[in-house]
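Undergrad: This structure is in structure tokens; I'll ask about it shortly.
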Amino acid sequence: MSSQGIAQAKAWYWQRISAMVLALFVIVHLVIMIIAIRDGLTAAEIFSRTKGNLAFGIFYALFVLACAVHVPIGIAKISEEWLGLSAAASSLLAKALALIIVVLGLTAVWGVI
Amino acid sequence: MRAAPRRSGRAQSIAYWAFVVHRVSGLVLALFLPIHFLLLSQAIRGEAALDNALALTELPLVKFAEWGLVVLLTLHLVGGIRLILIEFGPWRGQRSGWITASVFVAAGTGFLFLYNMLVTV
């Protein structure tokens, strides 16, 4: 198999593994959102649920990391197929997006716990 | 990521639309994610800073977008579970029932989210 073929197989594998993990995270997140939105979207409401809540922090930190695996792989594929980017360019875009998701996502989690 | 199903025949046509919905919902969610995190990361500067950022969510258009994102997230979730079942499970075929289920479950979460959002206004 070519090195590009191996890279594609790895991307396929990682996207499916992250998808299985994300399915569980997303179900919990949807339930939390539907319940939390009842009290309106304010900093006080968010902090009342999250401040000092270590379980919440670990849950959402892992959620962010799973997103950082799953989302860039999908975007790389779309940018290749729909925008006509080269494999190298879409890979670079994916890495940049992964970095943005990790940094902004973990900052957000750190901020609310 | 899966290649697009062929566009011929009714079942394949439904599978093609499921592919389009999965891809477009994934793309929109991916574009939203950095904005979502940027907004919530204002929490690091304190409660007032986060409230300042959250003021954006009072706009009716943003509320509509939040509802749309909940619907898209549910479509992507159930559609994604369908793909995993096809690829890893002992199932064969298009699993059209899961496509129908994704629409109904998304309508359900969308309704619950909208109802809970509006009863607070």
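Undergrad: Whose amide H sits under 5 Å from the amide H of A:LEU85, counting only residues 5 or more places off or on another chain, with H placed in the peptide plane?
TA: A:GLU80
Undergrad: Using Cα atoms only, what is the angle between the long axis of helix B:96-119 and the major principal axis of chain B, expressed in degrees (0 to 90) to the nearest 10?
TA: Between the helix axis and the principal axis of chain B, the angle is about 20 degrees.
Undergrad: What is the distance in Å between the Cα centres of segment A:15-61 and segment B:101-121?
TA: Here the answer is 17 Å between Cα centres.
Undergrad: Return P(r) of segment A:3-112 (all Cα-Cα pairs; 5 Å bins starting at 0; whole %; ordered from short to long distances).
TA: Histogramming segment A:3-112 at 5 Å steps yields 2, 11, 17, 20, 17, 12, 9, 7, 4, 1, 0 percent.
Undergrad: State, as an integer percentage, the relative contact order of segment A:3-112 based on alpha-carbon contacts under 8 Å between residues 6 or more apart.
TA: 32 percent
Undergrad: In nm, to one decimal, how far is the modelled label at A:LEU92 from the one at B:LEU85, with both set 7 Å along Cα→Cβ?
TA: Inter-label distance under the simple model: 4.2 nm.
Undergrad: Shifting gears a bit: When the Karplus curve 6.51 cos²θ - 1.76 cosθ + 1.60 is applied with θ = phi - 60°, which whole-Hz ³J(HN,Hα) does each residue of segment B:43-54 get, with x for Gly and Pro?
TA: 4, 5, 9, x, 5, 5, 5, 5, 4, 4, 5, 6
Undergrad: Next question. Run lengths n ≥ 4 of DSSP H only: what is the helix-derived mean residue ellipticity at 222 nm for the protein assembly as shown, with -39500 (n - 2.57) per run over all residues, to the nearest 500? Write out the running numbers ahead of the final one.
TA: Details: 8 runs with 188 residues, N = 234.
Helix-only estimate at 222 nm: -28500 deg cm²/dmol.
Undergrad: Within segment A:24-98, list the trypsin sites (Lys or Arg not before Pro) lying in a DSSP loop whose Cβ has at most 15 other Cβ atoms in a 10 Å radius.
TA: A:LYS51
Undergrad: Relative to the longest principal axis of chain B, what angle (0 to 90°, nearest 10) does the C-alpha long axis of helix B:10-40 take?
TA: Compared with the principal axis, the helix lies near 20 degrees.
Undergrad: Note down the relative contact order for chain B as a percent, whole number, built from C-alpha pairs under 8 angstrom at least six residues apart.
TA: Worked out over chain B, it gives 26 percent.
Undergrad: Sticking with this structure for a sec: Dividing the convex hull volume of the Cα atoms of segment B:10-119 by its residue count, what figure in Å³ per residue is obtained?
TA: 121 Å³
Undergrad: Continuing with the same structure: Taking each residue in A:101-107, count the Cβ atoms of any other chain within 10 Å of its Cβ, then average. What number comes out?
TA: The per-residue average across the peptide is 5.
Undergrad: Wrap a convex hull around the Cα atoms of segment B:49-94, take a quarter of its surface area, and give that in square nanometres.
TA: 4.6 nm²
Undergrad: Against the longest alpha carbon principal axis of chain A, how many degrees, from 0 to 90 and to the nearest 10, is the axis of helix A:3-36 turned?
TA: The angle comes out near 20 degrees.
Undergrad: If you take each beta carbon of peptide A:31-44 and count the beta carbons of other chains within 10 angstrom, what is the mean?
TA: Per residue, the average neighbour count from other chains is 6.
Undergrad: Just counting partner chain Cβ atoms within 10 Å, what average do the residues of peptide B:24-36 show around their Cβ?
TA: That works out to 4 on average.
Read-outs: derived from the displayed coordinates by stated rules, not from any lab. Keep in mind it's a predicted model, so treat the numbers as computed, not measured. Note: ideal-geometry Cβ built from the backbone for every residue, glycine included; neighbour counts use all protein chains shown.
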